[in-house]
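Colleague: One structure follows; several queries about it will come next.
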Amino acid sequence: MTEATRPGAALRVRPRRGRRGLHLLPAMTLAVMLGPVAAGLLGTLAPAFGILPAAGLVEPGLGAFRDLLGWPGLPRATLLSLWTGLAATAASLAIVTMIAACWQGTRTFAVVERLLSPLLSVPHAAAAFGIAFLIAPSGWVARVLSPWLTRWERPPDLLIVQDPAGLALIAGLIAKEVPFLMLMTIAALGQVEARRSVLVAQSLGYGRETAWLQVVLPRVYAQIRLPVYVVLAFSMTVVDVAVILGPNTPPTLSVQVVRWIGDPDLALRLRAAAGAVLQLALVVGALGLWRLGELAVAALGRRWVWSGRRGTSMRLVRPIAVAMAAGSGAAVLLGLAGLALWSVAGFWTYPDALPEGLTLRTWQRFAPALAETAAETGIIAAVATLAALVLTIGCLEAEHRYGLRMTRRAMWLLYLPLLVPQVAFLPGLQMLMLQAGASTGLDAVIAAHVVFVLPYVFLSLGDPFRAWDSRHGTVAHALGAGPDRVLWAVRLPMLLAPVLTAAAVGFAVSVGQYLPTLLIGGGRVQSLTTEAVALASGGDRRAIGAYALAQTAAALLPFALALAVPRLVFAQRRGLRHG
Amino acid sequence: MAEAGLRLDRLAILGAGGPMLRLDLIVAPGEVLSVMGPSGSGKSTLLAAIVGVLPPEFRLEGRVLLDGRDLTALPPERRHVGILFQDDLLFPHLSVAQNLAFGLARPPRGAERAAAVEAALDEFGLAGYGPRDPATLSGGQKARVALMRTLLSQPRALLLDEPFSGLDAELRAQVRGLVIERARARGLPVLMVTHDADDAAAASGPVVRIGSDARAG
Amino acid sequence: MRPALSLAAAALLATPAAAKTDPADWPAVLDAARGQTVYWNAWGGSTATNDFIAWVGDRVKEEFDVTVEHVKLSDTGDAVSRVLAEKAAGRDEGGAVDLIWINGENFAAMKQARLLFGPFAEALPNWQHVDVEGATVRTDFTVPTEGYESPWAAAQVVFMYDTADLPEPLPDMGALLAWVKANPGRFTFPQPPDFLGSTFLKQALYDLAPDTAPLLDPVDEADYEAVTAPLWDFLDALTPQLWRSGRAYPQSGPRQLQLMADDEIDLAISFSPGEASTAIANFQLPEVVRTFVMDGGSIGNVSFVAIPYNASAKEGAMVVANFLLSPEAQARALDPGHLGYGTVLAMEKLDPAERQLFDRVDLGVATLPPEELGPILPEPHPSWMERIEADWTRRYGVAD
C-alpha cells in the first residue's frame, strides 16, 4: 500500500517544507557582513570624540578634531583624496562608456571581453608596482627610448611617480578600475538587450555611438550605479596603491591615517580616529557630489534626446577609445612583465633596456618563504571564499524557496562594506576585538576577509543563479526530488561554471586584501600582499617582482581553474557549453 | 470511497490585485481536460499551484485532490504529479540515461535500475541512446525522453504546459498522439493548458476557458 | 601641539612586568625556551636583513629548539603600537610580540610606558664579550638601557657615492651643499620621519650647529631656535636642489639605494658602513660605488632587541637575543656578503678561535677599514629628533 491511499496520510505531513534555518540565512548573512562594519565604526567614532577608556579617557570632547585640524598637511591631504577619487572614477567610467558605445558587438569588443579576467585578477598592489617601474624617469619606457631618442644619458629629474598632484596614483587606479567597470557593464548589457535597441535607433537614423549613448547608457548606468559608487569610495580611500604611486608631501588622507595608527604615541590614535571620521564624511560627500553630477548629466541627456539631433558620426572617438583601453590594459600587463624580468635580473641599470644577465638567485632565495606565505594566503582565501559561497548560495536558495527577495535597500546593505572606507572601521574593529579578548590569528583574519569577499561573490553569482530556468526545478520536484536534491543534483551542477567563477572572484578579492590582513592579523598573519607591500617600503625590485608575481599567480590560478574545470567535467555536454 | 482522478475543489488563486482565477472541476482517470485562455490569464500559475510551486506572491484557496488525497499541504516532490513543458527541460549536465534514472521511482534499486532505464529506451524506440548528451538529440527525441522521464517517476496525474507548441506541425501531431496514448494507457488524469484549439480538439476531452473569454467555457 | 596625553597615560594602568624565568638561571631559561615560537617583529624592507633573520631562525632551531617567526614590519612603530593596544585592552599575558628590533625613540617610548620585560640583557651569557666601553651599548639615544634591551649590531653613518659622477669624497655639509648646487637633482635622503632621513638631519645639525653639547640633553633645556637655525638655513638652500626639487622623497633607505642603482642619484646616506659592499654583491648597486665619512665625525648607534612585558615566549626571546651576541652570529652580520653590520663585541674579549671568525671576513670593496671610519658622534636625545622631525614635516613635508 502506498502512502497516498492510506487514510489520513496527508494530515500527518507538516504544512511547510523543511526549513531548517535556511530562511534565517539572509538575515545572518547581513549580520556577518554588517556586524563588523558597525562595530568597527563605533570603535572609531568613540576615540574620535575623545573616548578611549583604555587610556582613562571617558569625557567626550572635540580635542582629537582640533588636533587633526592642527596638522599642517590636512587641507592638501583632504583635497588629494577627493581629487584622486573623483578623477579616477570619472576617467574609468568615461573609458568604459566610450569602449562600449563605439565597439559593442564588434570583434574588438570580444577581445576586450577576453582580456578582462586576467586584468581583473591582478592584485592592485602588483599592478601598482608594475606601473611604477614602467613610467618612472628611470623606468622601462624611459630605458627603451634612451638615450637614442630622448638623449637622456641619465634619468631626467622629472616628478612622474608620487607626484604631488596624484596623477600617477590616478593612472594606476584607472588601469585597475576600467576592467572592473567593464565587467559590470558587460553583465548589464546582457540584461537590457542593448544590441536590439541600438539597431532600432540606427534604423531611425542615429549613428551607432549616439544611439548607444541615448538608448542604452541610461539603462546600463542604472545597473552599474552601485559598482561605480564602490569604485569612487575605493579610489578615495585606497592605501596600498597610494603608498606605492601616491605622493608623500603629504600623502592622501587614508595613508596618513594608517601612519598615525602605527605611531606609538597614543595621542595620534585619537587623531587617526578623527581622520578616519573625516575620511568617512569625505566619501559620503563625494558620493553626494557624484549623485548631483548624475542628475545634471541626465538632464542634459534628456534635452539631447528631445532635440532629435542625429549627431554627426562619432567615428573619431573610436580609435581614442581603443587607445585608452589598450593603454590601461597594457600598463598592467607590461608592468607585470617588467616585474617578472626584475625577478630574474642580474645587475640592471639605466639606460639598459634589459638586464646584464639573468639569474634564478632571487627565486631560489625567496622560494621557501614564498611557499609558506602562499600557503597561508591560499588557506585564508579558500576558507573565506567557501564561507562566502555557502552564505551566498544559502541566501539565493532561501530567496528562491521562500521568496525572501532582496529589496533595493538590502542591495545597498550588501554594498556597504565596499562603500565604507576600510580605514574608518578596521582600526576600530581591531581595538574592539582586542578588548573582547578575541583571538587575532588566522580565524579573525578569515572572518574579516569574508566581509569583503561576500559582496563580490554575491554580485558575481546572483544574476546567473536567478537566471536559472526554475522550470528545471519544477520538473525535478514533479519527478519526486525534494528541495535539497534539486539544489545539489540539478541546480548547482548546472551552475557549476558561474559558481566557480564566483569562487575565483572571491579568491582574488581575498588575495588582494591589505588592510584587513595587516590590522586584524596583528602582524602575525602574513599574506603575499602584506609581504609585497612591506617589501615595497624597501624598494628591492627583485624581491617585489617575485612577490608581486606570486600574488598575481595566486589570484589568476583560480580563474584559470574556473574556466577549465567545467570544460573538463562537462566535455560531453553541449547544452552547458554556453552557460 | 476515494474519488478517482484529479479534482480542483473550489480552487481560487489570488494575486496581489485580488482573485485571478477560480476553478471547480474534476479530471477523470484517462481523461484529457484542456484549459484554454489568452496569455496572462494565469494558465501557468494554475499548473504551478497544482504541482506545488506557486510563487510566494500568490495565495491559494480551496483544495487540490488527487485520487481523494488532499495535495494542498504537500511539498511538490510528494504529490506524484508529473509535468511536461513546451521545452523538454532535460538536465543538460546529465546524459539521457542519467536523466531517466533521475526520474525513475524507487524501487527498482541497484542494478535493476539500469535494466529499467534500458527497457524504457527500448520501448520508446531509443535503444542505445542512454550515454548520449541530451543536447545532441533531435526535437522529437528530446520530447520522447522528457515524457519517458516523467512516466518513469510513476505519476498519478499529468500536467501539460503548452507541451507541443515548440514542435513543427508533423512532429507535433506525432508527439501529441504519443503523450495522450501513454497517459490514457496508464489511466492518468491529464490537465493540459494550451492556447491552440488543435491541441484541445486532439485531446477529445472537455475544454475549460479561463481569462477574458471564460464565459465560452 | 598634541594633547598632553602620551604613553605615560597608559602606564598608569600598567601592571609591573614580571619574569617567570630568571635570566640569571640560564639553564632554566634554555629549558623553558625549548619548543617555544618567538615572533620577532623586525622591519622587513631589506632582503639582506630578512635573510639574516631567517638564518638566525635556522640556527636557534637547530641548537635550542626555538622557532623564530619573522613578523615583517614596514615600520617598527607598528609593533610598539601593537603592544600598546594589547596593554590598553588589558592583555598582560600571551601578547603577539615576543621580540622587537628596536632603538631610539621607540625604545624610549616603550621603556617609559613600562612596556618592556627586564632587565635581562646583562644577564645573558654572551654579554661577557660585549664591548661595553667602545660601542654605546648601555645608552640608546642617550637613554640608559638598564638591561631592557640587548645590543646586536653597531651602525655608523657613512655616505655612499657613485665615483662615476662624484669622484671625490665631500669633507662636510658645506661641501655637500656646494656639490648639490652644482649637480641639482642628484641627491636626496629618505623622507623624515624615516629614521635614516632623520639621521641625515641630525648629522647635518652636528656639522652645522655652533655648539653641539645641548644635543645630548632634552630639547626643552636648550635654546632650540638658536641651535637649529643653521640647519634650517642649510635645508632652505638645499631642498630646491634635491632630487625632484624636494617635492618627493624616497620612503626608506633601500628605496634610496634603488635610486642610486637606477642612476637617478649619485650620493646617499647609509647607516651601515658595509651596506654598499653588500648591495654591490647583490647586484643592487653599481660596482663603482664607494663610501666616505665626513671629517667632523659621524653619528653612530647600536641596534637592540627588546622583549615586551607581555611576550608569550620570553625565554625563547632571550635565547635569540643571546644567540645574536654569539661570535658566530656577529661575524656573519659583519660579512658584507650577508649583512655588513658592525659588531658590538670587543675583539680582545674573544679567544683566538673566535677572533679568527672576524679576521676571515672580507669587508668588501666599498667598505672603509675601521681605522678610516673616524670619530663616532653619539645620538642626540630622542626629544631632539621628535622636534626636528615635526618641524621638518611642517617646513618641507607638506609641499606648497
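Colleague: Name every residue in region C:344-369 that is surrounded by 12 or more Cβ atoms within 10 Å (Cβ to Cβ) and part of a helix (DSSP H, G or I), in order of residue number.
Modeller: C:Met347, C:Lys349, C:Glu354, C:Arg355, C:Gln356, C:Leu357, C:Phe358
Colleague: Return the residues of region A:536-549 that are within 12 Å of another protein chain (Cβ to nearest Cβ), in contact with a Phe, Trp or Tyr (Cβ under 6 Å, 6 or more places away or on another chain) and aliphatic (A, V, I, L, M); say none if nothing qualifies.
Modeller: Those that are within 12 Å of another protein chain (Cβ to nearest Cβ), in contact with a Phe, Trp or Tyr (Cβ under 6 Å, 6 or more places away or on another chain) and aliphatic (A, V, I, L, M): A:Ile544, A:Ala546.
Colleague: Here's a follow-up. For residues that are assigned to a loop (DSSP other than H, G, I, E, B) and free of Cβ contacts under 8 Å to residues at least 40 places away in the same chain, scanning just region B:1-55, find the one that is farthest from B:Asp196 (Cα to Cα).
Modeller: Of all residues in region B:1-55, those assigned to a loop (DSSP other than H, G, I, E, B) come to B:1-5, B:16-17, B:28-31, B:37-42, B:52-55.
Restricting the remaining residues to those that are free of Cβ contacts under 8 Å to residues at least 40 places away in the same chain gives B:17, B:52-53, B:55.
On the way: B:Gly17: 28, B:Gly52: 25, B:Val53: 25, B:Pro55: 26 Å.
The selected residue is B:Gly17.
Residue by residue, here is whether (1) facing another protein chain (nearest Cβ under 8 Å); (2) not in a helix (DSSP H, G or I) holds:
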site	(1), (2)
A:Phe347	yes, yes
A:Asp352	no, yes
A:Thr362	no, no
A:Arg365	yes, no
A:Leu370	no, no
A:Thr373	no, no
A:Ile379	no, no
A:Leu389	no, no
A:Thr392	no, no
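Colleague: On the basis of being at pLDDT below 85 and farther than 28 Å from C:Ala113 by Cβ, does A:Met324 make the cut? Outline the logic, then answer.
Modeller: Numbers: at pLDDT below 85: no; farther than 28 Å from C:Ala113 by Cβ: yes.
No.
Colleague: In addition: Kindly indicate whether A:Asp469 is outside any helix (DSSP H, G or I) and either within 14 Å of chain B (Cβ to nearest Cβ) or in contact (Cβ under 8 Å) with a residue 40 or more places away in the chain (or both). Break it down stepwise before answering.
Modeller: Details: outside any helix (DSSP H, G or I): yes; either within 14 Å of chain B (Cβ to nearest Cβ) or in contact (Cβ under 8 Å) with a residue 40 or more places away in the chain (or both): yes.
Answer is yes for this residue.
Colleague: Of all residues in region A:387-399, which are touching a residue at least 40 places away in the same chain (Cβ under 8 Å) and out of contact with any Ser or Thr (no Cβ under 7 Å at 6 or more places or on another chain)? Full working, then the answer.
Modeller: First pass over region A:387-399, keeping only residues touching a residue at least 40 places away in the same chain (Cβ under 8 Å): A:387-389, A:391-399.
Once the filter is applied, which keeps residues that are touching a residue at least 40 places away in the same chain (Cβ under 8 Å) and out of contact with any Ser or Thr (no Cβ under 7 Å at 6 or more places or on another chain), region A:387-399 yields A:Ala387, A:Ala388, A:Leu389, A:Thr392, A:Ile393, A:Gly394, A:Leu396, A:Glu397, A:Ala398, A:Glu399.
Colleague: Let me ask something else about it. Any residue in region A:523-541 that's in a helix (DSSP H, G or I) and modelled with pLDDT of 75 or more: show its pairings with residues that are of a type in the set (Asp, Glu) and surrounded by 22 or more Cβ atoms within 10 Å (Cβ to Cβ) at Cβ separation under 7 Å, as long as the two are six or more apart or on different chains.
Modeller: Partner pairs satisfying both residue conditions: A:Val533/A:Asp240.
Colleague: Could you check region A:99-175 for helices (runs of 4 or more DSSP H) lying wholly inside it with 2 or more residues that are more than 13 Å from chain C (Cβ to nearest Cβ) and touching a residue at least 60 places away in the same chain (Cβ under 8 Å)?
Modeller: Working: elements: A:107-121, A:124-135, A:140-145.
The qualifying helices (runs of 4 or more DSSP H) are A:107-121, A:124-135.
Colleague: Looking at (1) over 15 Å from the mean Cα position of the chain (by Cα); (2) within 14 Å of chain A (Cβ to nearest Cβ); (3) part of a helix (DSSP H, G or I), which is the only condition C:Gly197 fails?
Modeller: (1)
Colleague: Taking the condition surrounded by 14 or more Cβ atoms within 10 Å (Cβ to Cβ), closer than 29 Å to A:Val453 by Cα and away from every other protein chain (no Cβ under 14 Å), does A:Pro47 pass? Explain how you work it out, then say what you get.
Modeller: Details: surrounded by 14 or more Cβ atoms within 10 Å (Cβ to Cβ): yes; closer than 29 Å to A:Val453 by Cα: yes; away from every other protein chain (no Cβ under 14 Å): no.
Considered against the rule, which asks whether it is surrounded by 14 or more Cβ atoms within 10 Å (Cβ to Cβ), closer than 29 Å to A:Val453 by Cα and away from every other protein chain (no Cβ under 14 Å), A:Pro47 comes out as no.
Colleague: Tell me which residues, restricted to region A:252-295, are basic (Lys, Arg), modelled with pLDDT under 95 and surrounded by fewer than 24 Cβ atoms within 10 Å (Cβ to Cβ).
Modeller: The first filter runs over region A:252-295 and keeps only residues basic (Lys, Arg), leaving A:259, A:269, A:271, A:291.
This time we only want the ones that are modelled with pLDDT under 95, so: A:259, A:269, A:271.
Result: A:Arg259, single match.
Colleague: While we're on this one: Please find, within region A:478-489, the residue that is nearest to the other protein chains (Cβ to nearest Cβ) out of those that are part of a helix (DSSP H, G or I) and touching a Gly at 6+ places or on another chain (Cβ under 7 Å). Reasoning before the result, please.
Modeller: Going through region A:478-489, the residues part of a helix (DSSP H, G or I) turn out to be A:478, A:483-489.
With the extra rule that they be touching a Gly at 6+ places or on another chain (Cβ under 7 Å), the set shrinks to A:478, A:486.
Working: A:Ala478: 5, A:Val486: 8 Å.
Only one residue tops the list, namely A:Ala478.
Colleague: Given the structure, is B:Arg209 basic (Lys, Arg), crowded, with 16+ Cβ neighbours inside 10 Å and within 24 Å of B:Leu25 (Cβ to Cβ)? Can you show your working first?
Modeller: Values: basic (Lys, Arg): yes; crowded, with 16+ Cβ neighbours inside 10 Å: yes; within 24 Å of B:Leu25 (Cβ to Cβ): yes.
Yes; evaluated as a whole, the condition is true for this residue.
Colleague: Something else about it: Which residue, of B:Leu66, B:Leu21, is within 10 Å of chain A (Cβ to nearest Cβ) and either buried (at least 21 other Cβ atoms within 10 Å of the Cβ) or of a type in the set (Ser, Thr, Tyr) (or both)? I'd like the intermediate steps shown before the answer.
Modeller: On the way: B:Leu21 fails: within 10 Å of chain A (Cβ to nearest Cβ).
Going through B:Leu66, B:Leu21 in turn, just one is within 10 Å of chain A (Cβ to nearest Cβ) and either buried (at least 21 other Cβ atoms within 10 Å of the Cβ) or of a type in the set (Ser, Thr, Tyr) (or both): B:Leu66.
Colleague: Sticking with this structure for a sec: Within region A:505-518, identify whether any single residue is away from chain C (no Cβ under 12 Å), in contact with a helix residue (DSSP H, G or I) (Cβ under 8 Å, 6 or more places away or on another chain) and part of a loop (DSSP other than H, G, I, E, B), and answer yes or no.
Modeller: Taking region A:505-518 as the starting set, the residues that turn out to be away from chain C (no Cβ under 12 Å) are A:505-513, A:515-517.
If we keep only those that are in contact with a helix residue (DSSP H, G or I) (Cβ under 8 Å, 6 or more places away or on another chain) as well, we get A:505-513, A:515-517.
Filter once more, keeping what is part of a loop (DSSP other than H, G, I, E, B): A:513.
Yes, region A:505-518 contains at least one residue that is away from chain C (no Cβ under 12 Å), in contact with a helix residue (DSSP H, G or I) (Cβ under 8 Å, 6 or more places away or on another chain) and part of a loop (DSSP other than H, G, I, E, B).
Residue-by-condition table, conditions (1) touching a strand residue (DSSP E or B) at 6+ places or on another chain (Cβ under 6 Å); (2) surrounded by fewer than 24 Cβ atoms within 10 Å (Cβ to Cβ); (3) closer than 24 Å to C:Pro192 by Cβ:
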{"residue": "C:Ala24", "(1), (2), (3)": "no, yes, no"}
{"residue": "C:Leu30", "(1), (2), (3)": "no, yes, no"}
{"residue": "C:Ala33", "(1), (2), (3)": "no, yes, no"}
{"residue": "C:Ala54", "(1), (2), (3)": "no, yes, no"}
{"residue": "C:Thr67", "(1), (2), (3)": "yes, yes, no"}
{"residue": "C:Arg91", "(1), (2), (3)": "no, yes, no"}
{"residue": "C:Ile102", "(1), (2), (3)": "yes, no, yes"}
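Colleague: Tell me, which strands (runs of 3 or more DSSP E) wholly within region C:215-328 include 1 or more residues that are within 14 Å of chain A (Cβ to nearest Cβ) and touching a Cys at 6+ places or on another chain (Cβ under 7 Å)?
Modeller: Values: elements: C:267-270, C:289-292, C:298-306.
It comes to none.
Colleague: State all residues of region B:76-112 that are more than 22 Å from A:Pro493 (Cα to Cα), free of Cβ contacts under 8 Å to residues at least 24 places away in the same chain and in contact with a helix residue (DSSP H, G or I) (Cβ under 6 Å, 6 or more places away or on another chain); if no residue qualifies, say none.
Modeller: Answer for region B:76-112, where residues must be more than 22 Å from A:Pro493 (Cα to Cα), free of Cβ contacts under 8 Å to residues at least 24 places away in the same chain and in contact with a helix residue (DSSP H, G or I) (Cβ under 6 Å, 6 or more places away or on another chain): just B:Pro108.
Colleague: Under 7 Å by Cβ, and 6 or more places apart or on different chains, what pairs join a residue from region A:250-263 that is of a type in the set (Phe, Trp, Tyr) with one that is at pLDDT 90 or above?
Modeller: The qualifying pairs are A:Trp260/A:Arg271; A:Trp260/A:Ala272; A:Trp260/A:Gly275.
Colleague: Of everything in region C:138-156, what is closer than 14 Å to C:Gly104 by Cβ and not in a strand (DSSP E or B)? Give them in sequence order.
Modeller: Listed by number, the residues that qualify are C:Phe141, C:Thr142, C:Thr145, C:Tyr148.
Colleague: Within 25 Å of B:Val53 (Cα to Cα), among the small types (Gly, Ala, Ser) and touching a strand residue (DSSP E or B) at 6+ places or on another chain (Cβ under 6 Å): does that describe A:Ala478?
Modeller: Details: within 25 Å of B:Val53 (Cα to Cα): yes; among the small types (Gly, Ala, Ser): yes; touching a strand residue (DSSP E or B) at 6+ places or on another chain (Cβ under 6 Å): yes.
It is true that A:Ala478 is within 25 Å of B:Val53 (Cα to Cα), among the small types (Gly, Ala, Ser) and touching a strand residue (DSSP E or B) at 6+ places or on another chain (Cβ under 6 Å).
Colleague: Counting only residues that are touching a residue at least 40 places away in the same chain (Cβ under 8 Å) and assigned to a helix (DSSP H, G or I), how many does region A:52-73 have?
Modeller: Residues that pass the stated criteria total 7.
Colleague: Looking at A:Leu232, is it crowded, with 24+ Cβ neighbours inside 10 Å, assigned by TED's automatic domain parsing to the domain that holds A:Pro75 and not in a loop (DSSP other than H, G, I, E, B)? Explain how you work it out, then say what you get.
Modeller: Working: crowded, with 24+ Cβ neighbours inside 10 Å: yes; assigned by TED's automatic domain parsing to the domain that holds A:Pro75: yes; not in a loop (DSSP other than H, G, I, E, B): yes.
The answer is yes for A:Leu232.
The values are calculated or read from the model by the stated rules, or taken from the named source; none is laboratory data. On a predicted model such as this, the values are computed, not experimentally measured, just so you know. When we count neighbours, we look across all protein chains shown, and the Cβ atoms used for this are built from the backbone with ideal geometry, even at glycine.
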